[in-house]
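Visitor: What follows is a structure written as structure tokens; I'll ask about it next.
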Amino acid sequence: MSIKGKAYIAGIFEHPTRHAPDKSTAQLHAEVAKGALEDAGLAKADIDGYFCAGDAPGGVMAMADYLGLRIRHFDSTDTGGCSYLVHLGHAAEAIAAGKCSIALITLAGKPRTGPMSPRPSGAEADFEAAYGATTHNVYGMCAMRHMHEFGTTSEQLAWIKVAASHHAQYNPHAMLKDVVTVEDVLNSPMISDPLHRLDCCVITDGGGALIVTTEAIARSLKKPLVRMIGHGEALKGPRGGKDLDLTYSAGVWSGPRAFEEAGVTPKDIKYASIYDSFTITVLMQLEDLGFCKKGEGGKFVADGNLISGVGKLPFNTDGGGLCSNHPVNRGGMTKIIEAVRQLRGEAHPKVQVKNCDLAIAHGTGGLLGVRHAASTCILERV
Amino acid sequence: MDSAVKYPTPQGNPETAKFWKQTVEGKLMIKRCTACGEAHYFPRSICPFCFSDKTVWEESSGEGEIYTFSLTRKSASGPYAIGYVTLKEGPSLLTNFVDCDMAKLKIGQKVKVVFKTTDGAPLPFFTPVR
């Protein structure tokens, strides 16, 4: 069975807030759910499937009860920031299998307002916890090795932030709206070598939600039709320390699976939402998905190649996690939302890709340099 | 990181007890599978490669080289260098580089194991070989 063409994204909503000290986390989940339902033109009572991850207070049972849902299918897979890209694939599977017909996916939280709870650890805890692995330094380790093996430079990485900032200037909700230069990135403080402050994403409160449904229901609604045509997911870790290679992500497996199911290639893609926790995250994933050869990501992203209207591969036209929004330190949801905006023709006119009929939304979650997941979704305008 | 840093105490469990007993003796232990011949780290009872239960403890030379690293410039306990070491025996492991000039760390540099105290068993770290 394939999910190709079986599931439609009928509703999207990105919370406009970037700082929400006056709201609860559960409330933010409810607000984004309400927003996505209104966007779709559906009511809460229509929802019969619900997907949420570790950011949902109390997990799927508590969250579904808080929202007052009566559902017949649920999934609380947590793979960090790409959870929602995984949920979208799983929702498509459930819809294709008839397990639900209108699925809600939510993400929300407030890392800017207060500290996040620590991530749960596994059997590795005694052997790793003491060494202070943080998001900054494990992505730094990937960048350091990539530079060593392929000669990738800080200037090339900086171009990714520059491209995101060009897009963010048109997003009224973006946390960082100023256009930056390569020099600005290189002159920002070093956080964890070789990553500078401007190589890092923003930290924001907020969230987002999706409504995923069947073709028949989507056609009965008023929004332009956007459907899933391919999905892939994968996991990668140090695997007992054998043949450690930090130059690639699990995207090398999730990407080809998604492209094969969709029956398209990277060359066909008109717009790309690529997870951007750090500049290096984008560069590695572009290589892993096949937009360029392994090791040539630096050359590929340089000179504005990711800027809409300028380069060959417009990416993260909302400003992405690097400039606009990275709610709950989890960027997967906003990747899907901007891809749907592009396919609907609802992106800002300054960044809208002409005739955008095929898009990719891809992300990794967890820690790229240690254990992580990847999920790739290929979306088509019907 | 220096001696002022307080490291977490390993909790241990029946599967890894031997490892922590040996760090007290200044030994870094790895596991090797006698079915497929592969060594792995951190230690498991069942081989993560061939899934055989014929795994045995082996003392590592404690020598290896830096696969990659990143220097965290600011933290509550000061700057520190996290990285991976690839041991002579094959497996790579996550660690910190200590007792050294962190600004001079290089990929490929030879390093050796050193142990730092905790309230329980000592923890393995690595330092460049002079």
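Visitor: If I ask for residues that are within 15 Å of the chain's Cα centre (by Cα) and within 18 Å of A:Gly295 (Cα to Cα), which ones from the stretch A:266-275 would you list?
Guide: Of the residues in the stretch A:266-275, the ones within 15 Å of the chain's Cα centre (by Cα) are A:271-275.
Within the stretch A:266-275, just A:Ile274 meets the criteria.
Visitor: Please specify each residue of the stretch A:301-311 satisfying the condition of being within 15 Å of A:Glu287 (Cα to Cα) and in a loop (DSSP other than H, G, I, E, B).
Guide: Pass one, the stretch A:301-311, residues within 15 Å of A:Glu287 (Cα to Cα): A:301-302, A:305-306.
The answer is A:Asn305, A:Leu306.
Visitor: Return yes when B:Glu58 is buried (at least 17 other Cβ atoms within 10 Å of the Cβ) and outside any loop (DSSP other than H, G, I, E, B) and no when it is not.
Guide: Details: buried (at least 17 other Cβ atoms within 10 Å of the Cβ): no; outside any loop (DSSP other than H, G, I, E, B): yes.
In short, no.
Visitor: More than 10 Å from every other protein chain (Cβ to nearest Cβ), outside any strand (DSSP E or B) and closer than 28 Å to A:His148 by Cα: is that true of B:Gly78 in this structure?
Guide: On the way: more than 10 Å from every other protein chain (Cβ to nearest Cβ): yes; outside any strand (DSSP E or B): yes; closer than 28 Å to A:His148 by Cα: yes.
Answer is yes for this residue.
Visitor: Another one. Could you check, for the stretch B:72-87, whether at least one of its residues is farther than 18 Å from A:Ala130 by Cα and under 18 Å from the mean Cα position of the chain (by Cα)?
Guide: Of all residues in the stretch B:72-87, those farther than 18 Å from A:Ala130 by Cα come to B:86-87.
Applying the additional criterion that residues be under 18 Å from the mean Cα position of the chain (by Cα) yields B:86-87.
Yes, there is a match, as at least one residue in the stretch B:72-87 is farther than 18 Å from A:Ala130 by Cα and under 18 Å from the mean Cα position of the chain (by Cα).
Visitor: Follow-up question, since we're still on this one. All but one of (1) closer than 18 Å to A:Lys236 by Cα; (2) crowded, with 18+ Cβ neighbours inside 10 Å; (3) out of contact with any Cys (no Cβ under 8 Å at 6 or more places or on another chain) hold for A:Ile280, so report the exception by its number.
Guide: If we test A:Ile280 against (1) closer than 18 Å to A:Lys236 by Cα; (2) crowded, with 18+ Cβ neighbours inside 10 Å; (3) out of contact with any Cys (no Cβ under 8 Å at 6 or more places or on another chain), just (3) comes out false.
Visitor: Suppose the filter is among the polar types (S, T, N, Q), more than 8 Å from chain A (Cβ to nearest Cβ) and farther than 18 Å from A:Gly240 by Cα; does B:Thr127 pass it? Outline the logic, then answer.
Guide: Working: among the polar types (S, T, N, Q): yes; more than 8 Å from chain A (Cβ to nearest Cβ): yes; farther than 18 Å from A:Gly240 by Cα: yes.
So B:Thr127 passes the test.
Visitor: Next question, about the same structure. When the stretch A:107-121 is examined, which residues are found to be without any contact (Cβ under 8 Å) to a residue 60 or more places away in the chain and either surrounded by 19 or more Cβ atoms within 10 Å (Cβ to Cβ) or within 14 Å of chain B (Cβ to nearest Cβ) (or both)?
Guide: Correct list: A:Pro115, A:Pro118, A:Ser121.
Visitor: Do we find a residue being modelled with pLDDT of 95 or more, within 24 Å of A:Gly319 (Cα to Cα) and crowded, with 24+ Cβ neighbours inside 10 Å anywhere in the stretch A:260-271? Show your work before the answer.
Guide: Pass one, the stretch A:260-271, residues modelled with pLDDT of 95 or more: A:260-271.
If we keep only those that are within 24 Å of A:Gly319 (Cα to Cα) too, we end up with A:266-271.
Those left that are additionally crowded, with 24+ Cβ neighbours inside 10 Å: A:271.
Within the stretch A:260-271, one or more residues are modelled with pLDDT of 95 or more, within 24 Å of A:Gly319 (Cα to Cα) and crowded, with 24+ Cβ neighbours inside 10 Å.
Visitor: Here is a follow-up. Does at least one position in the stretch A:236-247 carry a residue that is in contact with a Leu (Cβ under 9 Å, 6 or more places away or on another chain) and more than 14 Å from every other protein chain (Cβ to nearest Cβ)?
Guide: no
Visitor: Which condition from (1) modelled with pLDDT under 95; (2) within 7 Å of another protein chain (Cβ to nearest Cβ) is the one that B:Gly83 breaks?
Guide: Going through (1) modelled with pLDDT under 95; (2) within 7 Å of another protein chain (Cβ to nearest Cβ) one by one, B:Gly83 breaks only (1).
Visitor: Would you confirm, using the coordinates I've provided, whether A:Leu283 is closer than 30 Å to A:Ser188 by Cβ and touching a residue at least 60 places away in the same chain (Cβ under 8 Å)? Outline the logic, then answer.
Guide: Values: closer than 30 Å to A:Ser188 by Cβ: yes; touching a residue at least 60 places away in the same chain (Cβ under 8 Å): yes.
Yes: the conditions hold for A:Leu283.
Visitor: Going through A:Gly366, A:Gly321 one at a time, which residue ends up being touching a Gly at 6+ places or on another chain (Cβ under 7 Å), modelled with pLDDT of 95 or more, surrounded by fewer than 24 Cβ atoms within 10 Å (Cβ to Cβ) and not aliphatic (A, V, I, L, M)? Outline the logic, then answer.
Guide: Working: A:Gly321 fails: surrounded by fewer than 24 Cβ atoms within 10 Å (Cβ to Cβ).
It is A:Gly366.
Visitor: I would also like to ask the following. Do we have any residue at all in the stretch A:1-18 that's in contact with a Cys (Cβ under 9 Å, 6 or more places away or on another chain) and buried (at least 20 other Cβ atoms within 10 Å of the Cβ)?
Guide: So the first thing to find is which residues in the stretch A:1-18 are in contact with a Cys (Cβ under 9 Å, 6 or more places away or on another chain), and the list is none.
Among the residues of the stretch A:1-18, not one is in contact with a Cys (Cβ under 9 Å, 6 or more places away or on another chain) and buried (at least 20 other Cβ atoms within 10 Å of the Cβ), which makes the answer no.
Visitor: Could you please find all residues in the stretch B:78-130 being of a type in the set (Gly, Ala, Ser) and touching a Gly at 6+ places or on another chain (Cβ under 8 Å)? Give the derivation first.
Guide: We begin by selecting, within the stretch B:78-130, every residue of a type in the set (Gly, Ala, Ser); these are B:78, B:81, B:83, B:90, B:92, B:103, B:108, B:120-121.
The answer is B:Gly90, B:Ser92, B:Gly120, B:Ala121.
Visitor: Let me ask something else about it. Which residues, counting only those in the stretch B:16-32, are surrounded by 14 or more Cβ atoms within 10 Å (Cβ to Cβ) and either touching a residue at least 60 places away in the same chain (Cβ under 8 Å) or part of a loop (DSSP other than H, G, I, E, B) (or both)?
Guide: Within the stretch B:16-32, B:Thr16, B:Trp20, B:Thr23, B:Lys27, B:Leu28, B:Ile30 meet the criteria.
Visitor: Might you check whether a residue that is farther than 23 Å from B:Gly12 by Cβ, away from every other protein chain (no Cβ under 11 Å), outside any strand (DSSP E or B) and at pLDDT 95 or above occurs anywhere in the stretch B:62-75? Walk me through it before giving the result.
Guide: First pass over the stretch B:62-75, keeping only residues farther than 23 Å from B:Gly12 by Cβ: B:63-75.
Subsequent filtering for residues that are away from every other protein chain (no Cβ under 11 Å) retains B:63, B:65.
Restricting the remaining residues to those that are outside any strand (DSSP E or B) gives none.
Checking the stretch B:62-75: not a single residue is farther than 23 Å from B:Gly12 by Cβ, away from every other protein chain (no Cβ under 11 Å), outside any strand (DSSP E or B) and at pLDDT 95 or above.
Visitor: Could you grab me the full set of residues in the stretch A:122-159 that are at the interface with chain B (Cβ under 10 Å from one of its Cβ atoms), of a type in the set (Ser, Thr, Tyr) and part of a helix (DSSP H, G or I)?
Guide: Taking the stretch A:122-159 and keeping what is at the interface with chain B (Cβ under 10 Å from one of its Cβ atoms), we get A:123-134, A:136-149.
Keeping just the survivors that are of a type in the set (Ser, Thr, Tyr) gives A:131, A:134, A:139.
Within the stretch A:122-159, A:Tyr131, A:Tyr139 qualify.
Visitor: For the stretch A:257-267, state whether one or more residues are of a type in the set (Phe, Trp, Tyr) and within 14 Å of another protein chain (Cβ to nearest Cβ).
Guide: We begin by selecting, within the stretch A:257-267, every residue of a type in the set (Phe, Trp, Tyr); these are A:259.
When the remaining residues are screened for being within 14 Å of another protein chain (Cβ to nearest Cβ), the result is none.
Scanning the stretch A:257-267, I find no residue that is of a type in the set (Phe, Trp, Tyr) and within 14 Å of another protein chain (Cβ to nearest Cβ), so the answer is no.
Visitor: Name the single residue, out of those in the stretch B:33-49 being more than 11 Å from chain A (Cβ to nearest Cβ) and in contact (Cβ under 8 Å) with a residue 12 or more places away in the chain, that is surrounded by the most Cβ atoms within 10 Å (Cβ to Cβ).
Guide: My answer is B:Ala35.
Visitor: Take A:Pro189 and decide whether it is over 20 Å from the mean Cα position of the chain (by Cα) and facing chain B (nearest Cβ under 8 Å).
Guide: Numbers: over 20 Å from the mean Cα position of the chain (by Cα): yes; facing chain B (nearest Cβ under 8 Å): yes.
Answer is yes for this residue.
Visitor: Let me ask you something else. Do you know which residues across the stretch A:323-382 are among the charged types (D, E, K, R) and either more than 10 Å from the chain's Cα centre (by Cα) or farther than 18 Å from A:Ile307 by Cα (or both)? Before the answer, list the steps.
Guide: Step one: list which residues in the stretch A:323-382 are among the charged types (D, E, K, R), which gives A:330, A:335, A:338, A:341, A:344, A:346, A:350, A:354, A:357, A:371, A:380-381.
Result: A:Arg330, A:Arg341, A:Arg344, A:Glu346, A:Lys350, A:Lys354, A:Asp357, A:Arg371, A:Glu380, A:Arg381.
The values are calculated or read from the model by the stated rules, or taken from the named source; none is laboratory data. None of these values were measured; they are calculated from a predicted model. Heads up, the Cβs are rebuilt from the backbone with ideal geometry, glycines too, and the neighbour counts pull from every protein chain shown.
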